[in-house]
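Here the structure comes first, spelled out in structure tokens, and everything after it is commentary.
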Amino acid sequence: MAELALQLVDLLPEFLSWLISFVIVCKFWLNHHRLLTLARSANYAMVWLNSLFLMGQSFIPFPTALMGEYGGNPLAVSLFGVVMAINTLLFIALHAYILRHLLKPELTDLEDPHIIRKSFTGVVSYLLGAAAAWASVYAAFLLYMLTPLFFIVPPEPHRRDVSHSISPEGDKK
């Protein structure tokens, strides 16, 4: 029994890398699902951006396995953060494109006007984790575990303040 317990402890990096990766992929999937409901239609550019994002998602098992196998290696742990940062950038590109070109008109006032800027929190956090890996792989694991918590629940729609908007006739409302 003690031997199994020691082996399970040795497998902790593999388990943590799988768990972190699962939560991140789940977060991406939930937000991707919500994002696609914002588009009034799909066009060629959106399909390509979506395909690039999905390509990035399909690559996640590689750095996850690498980080699990070499959990004490700063390069392996750092690579995971870089890949997650790139995936976040791909999602941001898709999100920005849909908001600028394909957003359903009835949703315009419900979308957070700062959502793209806020999304860079994930990029910065994953890159901080990648940098931290060179000082402490434990710090990097912690940053990777905390980052999805910023985005695990899609943002609630909210009304923009229209009390100071100007009507088509030029009058203040």
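Please give the length that would be gained between residue 101 and residue 120 if that part of the chain were fully extended, namely 0.36 nm times their separation in residues minus their C-alpha to C-alpha distance (nm, one decimal).
Numbers: separation 19, 0.36 × 19 = 6.84 nm, distance 2.04 nm.
Length gained between residue 101 and residue 120: 4.8 nm.
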*Using distinct alpha-carbon pairs, which all enter the 1/r mean, Kirkwood radius of the stretch 1-81 in Å*: 14.8 Å
*asked:* Kirkwood hydrodynamic radius, the stretch 12-150, all distinct C-alpha pairs: what's the number in Å?
replied: 15.5 Å
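Can you figure out the FRET efficiency of residue 55 with residue 110, using R₀ = 25 Å and their beta-carbon distance, to the nearest 0.05? Kindly include the intermediate steps, with their values, before the conclusion.
Numbers: r = 30 Å, r/R0 = 1.20.
So, using R0 = 25 Å, E works out to roughly 0.25.
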*Pull out the extension gain between residue 16 and residue 75, defined as 0.36 nm times the separation in residues minus the alpha carbon to alpha carbon distance; nm, one decimal.*
19.6 nm
*Can you give me the span-like helices of the chain, meaning DSSP H runs with 18 Å or more of Cα extent along the axis and Kyte-Doolittle mean at or above 1.6?*
74-97
*Over the stretch 2-139, what is the relative contact order in whole percent, taking alpha-carbon pairs under 8 Å and six or more residues apart?*
31 percent
_I need the calculated FRET efficiency for the pair residue 146 and residue 43, taking r as the beta carbon distance and R₀ as 35 Å, to the nearest 0.05._
0.45
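Taken together, the values in this text are just the output of simple stated rules run on the coordinates, not laboratory data. Quick caveat: nothing in here was measured; it's all calculated off a predicted structure. Counting neighbours? That spans all protein chains shown, and the Cβs are built from the backbone with ideal geometry, glycine included.
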